[in-house]
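Here the structure is laid out as structure tokens; the discussion comes afterwards.
The values are calculated or read from the model by the stated rules, or taken from the named source; none is laboratory data. Bear in mind the structure is a predicted one, so any value in this text is a computation, not a measurement. Don't worry about glycine lacking a Cβ; one is built from the backbone with ideal geometry, like all the others, and counts go over all protein chains shown.
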Amino acid sequence: MEIKRHHFRTALALLATFFAAGSATIGVLAQDDDNSVNDTAIARNLSVFNSLYKELNTFYVDSIDAQKSIETAINAMLDDIDPYTEYIPAKSQDDFMSISTGEYGGIGSIIMERKGEVYISEPYEDSPAARAGLKAGDKIVMIDGDSVSGWGNKKVSEHLKGQPSTKLRVVVERPYTEGNLTFDITREKININPVPYYGVIRGNIGYIGLNTFSQKSADAVRDALLELRANPAVKFIALDLRGNGGGLLESAVQIVGMFVPKGTQVLQTRGRFKQQEKTYKTTQEPIDTEIPLVVMIDGGSASAAEIVAGSLQDLDRAVIVGARSFGKGLVQTTRTLPYEGLLKVTISKYYIPSGRLIQAIDYSHRNPDGPVARIPDSLTTVFPTANGREVRDGGGITPDVKIEYPAINRLIYNIISDNWAFDFATRFATEHPSIVRAEDFEITDSIYGQFKASIDPTQFKYDKVCEEGLKSLRKVAETEGYMNDSTKAQFEALEKLLKHNLNHDLDVHRKEIAKILSEEILRRYYFQRGDAIASLKDDTTIDAVEKIVNTPGEYERILGKPVVKSEPAKKGKKSKKRSGNK
């Protein structure tokens, strides 16, 4: 029966593909005279799809969930196009709109699911959840008198969200506290701060961390930039776009416009038709076109984040530091559908000032078995920046200064994924009502010793990669006939050397683990701002930025600009002030 159902869904998906292809073509007939379409074939495909579903619905041995089946067909069709084109039914639009606008109605907290139970992961600073007293680690037991047992993340989220000014009652079970705790909370419009932290770091760097590109991002960056620029200690601006998955294209253009002259072209979008081609230029007077600027990116920087980094690189307005970005050069818009549905559809590709497209994957050319792959570097094209430097298309933004990030080992992965650090921070916050400033906090020997003691070796899921690899090698040696007495002795010696010792490994990797613990603990007291402060204390990318900004002439050398040597002031006369930072 399962096999038949699978074939049914596959057939349905294929017919839906015919259906959509026909509909899309019909919609553009008047716009594309060169595109000859067989109207009869389109009508035939639609008729086949309709008849097939009616027959299945009437005669199939089991009942068919019409809504589920049709949505399966729609999603299968869209998955075959690109991962950014998606159908958003009315019931799922709250999450979509909260990403676009940076706001939603609710209590203001991130939740997570563990072993079928839902927990408060992180209340936002000054949110209804935080003001009411909910804390990270609280297990949600009831909402408005209903048990949440078996609900899962999605259903709990739906009940926590709602219209501003409406009330709800949340009952939680708090670790290391007797009895359940009840909180009466009034929902509010939650504004997610796109800049959780900005400030002066390393003495002279004005740091701005931007998490997303929403309707509020440009204002938040502008406020931070104006404050930092007014600080006489700030000589450089560092815009951190690491892990920023993008958002609104217009927001990216506004942020670029703060650093370049009004009227500067930031990008062009090109689609199938002339109507989809558009040029985006900055429309506001800049805040500062002279102050040295560094932009940090990594593999999690995508879309609008790549527009900012790439355009500033093409214009030679900023030095880009970090790792190659994700490589998303596609633009989406929303189209309304019947019954309050939305289609988020890719309508164009964007090209940054040098003329390059940074899209890393060509979804229109798939491998015979279906998957798509990144465009190899050998097939990319060189483009010139404003100063004539060479940059390439087709693979995201390659930094001017590359940082090699160490791979996360299995020990670190397990500590994070199995919530050992999270649970320790929960207990630490319970036992310590307050701590020192985020800037002054550090993981002492005592705190780290407590963390080690909190780990139960019998419960720690340690992926013993070396030991498993050695077992596989031993089997190969036996199969190939190399397992004699001498080889066996060598294997036994190697096995002793590679045997894991959890206590030893925790000491070896203390530096990385302490950073994770510090971020997790500070988040309990200072929210996302504390997390950001902790992450910046020992940051190889920030180290590289500091080296660039404090090495005379290095910033100009990277950008291909002439280095202006400052002359010493003559005795008895005042030296001229630098003309930048206006």
Phe422 being outside the structural domain of Glu178 (by TED's automatic domain parsing) and either surrounded by fewer than 16 Cβ atoms within 10 Å (Cβ to Cβ) or under 23 Å from Ile408 (Cα atoms) (or both): yes
Quick test of your reading of the structure: Lys537 fulfils all but one of (1) within 29 Å of the chain's Cα centre (by Cα); (2) more than 30 Å from Gly199 (Cβ to Cβ); (3) surrounded by 14 or more Cβ atoms within 10 Å (Cβ to Cβ). Name the failing condition by number. (2)
Run down Thr479, Thr398 and say which single residue is within 30 Å of Ser311 (Cβ to Cβ) and not assigned by TED's automatic domain parsing to the domain that holds Tyr525. Thr398
Just to be sure I understand, how many residues within region 268-280 are farther than 20 Å from Thr334 by Cβ and in contact with a Leu (Cβ under 9 Å, 6 or more places away or on another chain)? 1
Limited to region 205-253, what total is found for residues that are surrounded by fewer than 21 Cβ atoms within 10 Å (Cβ to Cβ) and either among the polar types (S, T, N, Q) or outside the structural domain of Thr283 (by TED's automatic domain parsing) (or both)? 2
What are the residue pairs meeting all of these: first residue in region 522-548, first residue under 21 Å from Phe422 (Cα atoms) and in contact (Cβ under 8 Å) with a residue 60 or more places away in the chain, second residue of a type in the set (S, T, N, Q) and assigned to a helix (DSSP H, G or I), Cβ atoms under 7 Å, and 6 or more apart or on different chains? Ala534/Ser518
Taking Val195, is it more than 22 Å from Ser127 (Cα to Cα), touching a helix residue (DSSP H, G or I) at 6+ places or on another chain (Cβ under 9 Å) and of a type in the set (A, V, I, L, M)? no
Take Ile297 and decide whether it is within 21 Å of Glu556 (Cα to Cα), surrounded by 23 or more Cβ atoms within 10 Å (Cβ to Cβ) and touching a strand residue (DSSP E or B) at 6+ places or on another chain (Cβ under 9 Å). yes
List every residue pair whose Cβ atoms lie under 8 Å apart, where the two residues are 6 or more positions apart in sequence or sit on different chains, the first residue falls within region 370-382 and is in the same structural domain as Gly394 (by TED's automatic domain parsing) and part of a loop (DSSP other than H, G, I, E, B), and the second residue, located anywhere, is surrounded by 11 or more Cβ atoms within 10 Å (Cβ to Cβ) and of a type in the set (A, V, I, L, M, F, W, C). Val372/Ile361; Ala373/Ile361; Ile375/Ala360; Ile375/Ile361
Residue tally, condition part of a loop (DSSP other than H, G, I, E, B) and closer than 26 Å to Gln332 by Cα, over region 234-258: 9
Test Tyr176 against the stated conditions and say whether it is under 30 Å from Ile403 (Cβ atoms) and among the aromatic types (Phe, Trp, Tyr). no
Taking Tyr119, is it at pLDDT 95 or above and of a type in the set (Ser, Thr, Tyr)? yes
For region 198-222: of the residues being assigned to a strand (DSSP E or B) and of a type in the set (Val, Ile, Thr), which is farthest from Met142 (Cα to Cα)? Ile205
Going through region 181-197 one residue at a time, which ones are aliphatic (A, V, I, L, M), within 23 Å of the chain's Cα centre (by Cα) and in a strand (DSSP E or B)? Ile190
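For every residue, the table says whether it meets (1) in contact with a strand residue (DSSP E or B) (Cβ under 7 Å, 6 or more places away or on another chain); (2) closer than 14 Å to Pro399 by Cβ; (3) crowded, with 22+ Cβ neighbours inside 10 Å.
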position	(1), (2), (3)
Leu312	yes, yes, yes
Ala318	yes, yes, yes
Val321	yes, yes, yes
Arg324	no, yes, no
Lys328	no, no, yes
Thr336	yes, no, no
Of everything in region 512-527, what is among the small types (Gly, Ala, Ser) and either buried (at least 20 other Cβ atoms within 10 Å of the Cβ) or at positive phi (or both)? Give them in sequence order. Ser518
Run Val476 past the list (1) closer than 24 Å to Asn409 by Cα; (2) loosely packed, with under 13 Cβ neighbours inside 10 Å; (3) of a type in the set (A, V, I, L, M, F, W, C) and report the number of the one that doesn't hold. (1)
Would you mind listing the strands (runs of 3 or more DSSP E) fully within region 269-357 where at least 3 residues are under 20 Å from the mean Cα position of the chain (by Cα) and closer than 21 Å to Leu225 by Cα? 293-297
With the condition kept exactly as written, say whether any residue in region 246-262 is in contact with a strand residue (DSSP E or B) (Cβ under 9 Å, 6 or more places away or on another chain) and of a type in the set (Asp, Glu). yes
Confirm whether Asn231 is assigned to a loop (DSSP other than H, G, I, E, B), within 20 Å of Tyr84 (Cβ to Cβ) and in contact with a Gly (Cβ under 9 Å, 6 or more places away or on another chain). no
If only one of Ala477, Ala429, Ala489, Ala453 is within 18 Å of Asp531 (Cβ to Cβ) and either modelled with pLDDT under 90 or assigned to a helix (DSSP H, G or I) (or both), which one is it? Ala429
Tell me which residues, restricted to region 432-450, are among the polar types (S, T, N, Q) and either part of a loop (DSSP other than H, G, I, E, B) or in the same structural domain as Ser121 (by TED's automatic domain parsing) (or both). Ser434, Thr444
Count - residues of region 383-393 that are in contact (Cβ under 8 Å) with a residue 60 or more places away in the chain and not hydroxyl-bearing (Ser, Thr, Tyr): 6
